[in-house]
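The structure under discussion appears below in the form of structure tokens.
The values are calculated or read from the model by the stated rules, or taken from the named source; none is laboratory data. This is a predicted model, so every value here is computed, not measured. In this analysis, Cβ positions are derived from the backbone assuming ideal geometry, glycine residues included, and neighbour counts consider all displayed protein chains.
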Amino acid sequence: MADVEHIIGLLLGTEDDWPRAYEALVDRLGPVVDGSGRKHRLRTTRVTIEPFNLRDKPRHSLVIDRLAYWYYHPREWLKKVSMMDDVYLLNSPFTFQSMEKHAAYCAMMRLGLKVPETVLVPYKHPLENSRWAYTAARYNQSFDLDEVAERLGYPLFMKPYDGGAWVGVSKIQDSAELHAAYDASGERLMHLQQSVEGYDVFSRSLSIGPETMVMKFRPELPMHDRYAVEHGFLDAETGDEVVTISRLVNAFFGWEFNSCESLVRGSEVFPIDYANACPDVALTSLHYYFPWAMKALLRWTTFCVVTGRRFQVDLNTRRYFEVADRTDLTYKEKLAAYRKLADEYFDTERYVDFCASRLGHVDELVYDWVDSPDFDALLVDTVRATYPASEHERFLAHFRGLVGAWVADQE
């Protein structure tokens, strides 16, 4: 049987660190043998943006998209290659509207998750439209912003319904801050959301396919210090709930490369931000956890192309809603049912077996690469591109220490 080649397309914006890492690991992977004995080889290419005929046939088997959540031309190309050519995508371009937070909040509230109370308020300054004045005069109801805020209770957060990277997010303590933030929102549509006060842990979980890494997150610190290298900060049951919520969100919307932020207070988990079309996987952010992320991305993309996994355009949301509507199930039982649906979506059992039987060498492959001069050269280039020259030595020592700790922990 002839070998099969799979081209993995990388649709990128400004980032270069993790793409170089992923490309290096694919080059080192070698052939992967499927159940019939056929060899599969992966090759990467960076996707360029140019005019495309809707009947053009793409070369790619799979595309990792990090751009189309804001750049519409490649988004439409992704829709075309998924619908017409069965190219596999890690995040569905058809649910990017949900990446604007609002639909994601609604869906997870519908499923009974402990999303804080949230109100969408009208624009402070509506977008320019010739029909606005007539529509507003006839249909817009006046409202008391202070009353809305008081019903939610201070402190609260004002955040863009379509935001990301904490841009435009304000913590509001009183009426004066409320009005100042609303006045500054301009043409951005904003949510008001209850603050979860007195939480014990802020967690951010990064999920790639059916794998999830739950990390202790410290948003008040600079980006290079936000992910704490700490283990056992959640008990087993709470940690499992955080993982379940992360995978539930992804399976529900057809996202396979996404992060989820949750606040844990006592034994309760409150998901607050879980719609991230371009989750943080920067080497200078993840540091200790970066090798895991690259390993998971390599394993999942290989599994998808070698097994012929099909990209799902349709969302089976009704199956989740049927669980949500059952009155005979406790919250814990509903989470277990959602986890089962998520595992079915990700084909988790088959994936685990595939990794064990076909990709057993990946752990050693990634270890050897991270412990090599090639990885250190990537780290040096990344630090030089990210920080001013006066801070290069400091940050090289910082990240070498953290990555070195990961290497030591694998021994």
From the list GLU100, GLU128, exactly one residue is modelled with pLDDT under 90 and surrounded by 15 or more Cβ atoms within 10 Å (Cβ to Cβ). Which is it? GLU100
State all residues of region 364-380 that are in contact with a helix residue (DSSP H, G or I) (Cβ under 7 Å, 6 or more places away or on another chain), charged (D, E, K, R) and assigned to a helix (DSSP H, G or I); if no residue qualifies, say none. ASP374
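Residue-by-condition table, conditions (1) more than 21 Å from the chain's Cα centre (by Cα); (2) among the hydrophobic types (A, V, I, L, M, F, W, C); (3) assigned to a helix (DSSP H, G or I):
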| residue | (1), (2), (3) |
| --- | --- |
| LYS79 | no, no, yes |
| ALA103 | no, yes, yes |
| MET109 | no, yes, yes |
| VAL115 | no, yes, no |
| LYS124 | yes, no, no |
| GLU128 | yes, no, no |
| ALA133 | yes, yes, yes |
| ARG138 | yes, no, yes |
| PHE143 | yes, yes, no |
Complete set of residues in region 304-343 that are without any contact (Cβ under 8 Å) to a residue 24 or more places away in the chain and either under 30 Å from GLY37 (Cβ atoms) or outside the structural domain of GLU211 (by TED's automatic domain parsing) (or both): GLY308
Collect the residues in region 341-397 that are under 18 Å from TRP18 (Cβ atoms) and among the small types (Gly, Ala, Ser), keeping them in residue-number order. SER372, ALA377, ALA385
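Looking only at region 348-385, which residues are closer than 22 Å to GLU241 by Cβ and buried (at least 17 other Cβ atoms within 10 Å of the Cβ)? Before the answer, list the steps.
Restricting attention to region 348-385, the residues satisfying the condition of being closer than 22 Å to GLU241 by Cβ are 348-349, 351-352.
Matches in region 348-385: THR348, TYR351.
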Filter region 220-241 for residues that are outside any helix (DSSP H, G or I) and either buried (at least 17 other Cβ atoms within 10 Å of the Cβ) or not β-branched (Val, Ile, Thr) (or both) and give the result. GLU220, LEU221, PRO222, ARG226, TYR227, ALA228, GLU230, HIS231, GLY232, PHE233, LEU234, ASP235
Look at LEU120 and say whether it is under 30 Å from LEU329 (Cβ atoms), of a type in the set (A, V, I, L, M) and surrounded by fewer than 19 Cβ atoms within 10 Å (Cβ to Cβ). yes
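Working only within region 84-101, note down all residues that are among the hydrophobic types (A, V, I, L, M, F, W, C) and part of a helix (DSSP H, G or I). So that I can check it myself, show each step before the final result.
First, pick out the residues of region 84-101 that are among the hydrophobic types (A, V, I, L, M, F, W, C): 84, 87, 89-90, 94, 96, 99.
If the condition is that a residue be among the hydrophobic types (A, V, I, L, M, F, W, C) and part of a helix (DSSP H, G or I), then MET84, PHE94, PHE96, MET99 are the ones that fit.
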Test each condition in (1) basic (Lys, Arg); (2) loosely packed, with under 13 Cβ neighbours inside 10 Å; (3) in contact (Cβ under 8 Å) with a residue 12 or more places away in the chain for ARG394 and report the one that comes out false. (3)
Region 34-52 residues that are without any contact (Cβ under 8 Å) to a residue 12 or more places away in the chain, paired with ones that are part of a strand (DSSP E or B) (beta carbon under 9 Å, 6 or more apart): none
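Restricting the search to region 6-38, which residues are assigned to a strand (DSSP E or B) and either modelled with pLDDT under 95 or over 28 Å from the mean Cα position of the chain (by Cα) (or both)? Don't jump to the end; show me each part of the working.
From region 6-38, those assigned to a strand (DSSP E or B) are 6-11, 32-33; that's our starting set.
Residue satisfying the conditions is VAL33 alone.
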List the number of the failed condition for SER267; all other conditions in (1) of a type in the set (Gly, Ala, Ser); (2) without any contact (Cβ under 8 Å) to a residue 40 or more places away in the chain; (3) on the phi > 0 side of the Ramachandran plot hold. (3)
Out of region 39-71, which residues are in a loop (DSSP other than H, G, I, E, B), out of contact with any Asp or Glu (no Cβ under 7 Å at 6 or more places or on another chain) and either surrounded by fewer than 17 Cβ atoms within 10 Å (Cβ to Cβ) or among the acidic types (Asp, Glu) (or both)? THR48, ILE49, GLU50, PRO51, PHE52, ASN53, LEU54, ARG55, ASP56, ARG59, TRP70, TYR71
Matching residues in region 282-315 - criterion: being part of a loop (DSSP other than H, G, I, E, B) and touching a Leu at 6+ places or on another chain (Cβ under 7 Å): PHE311
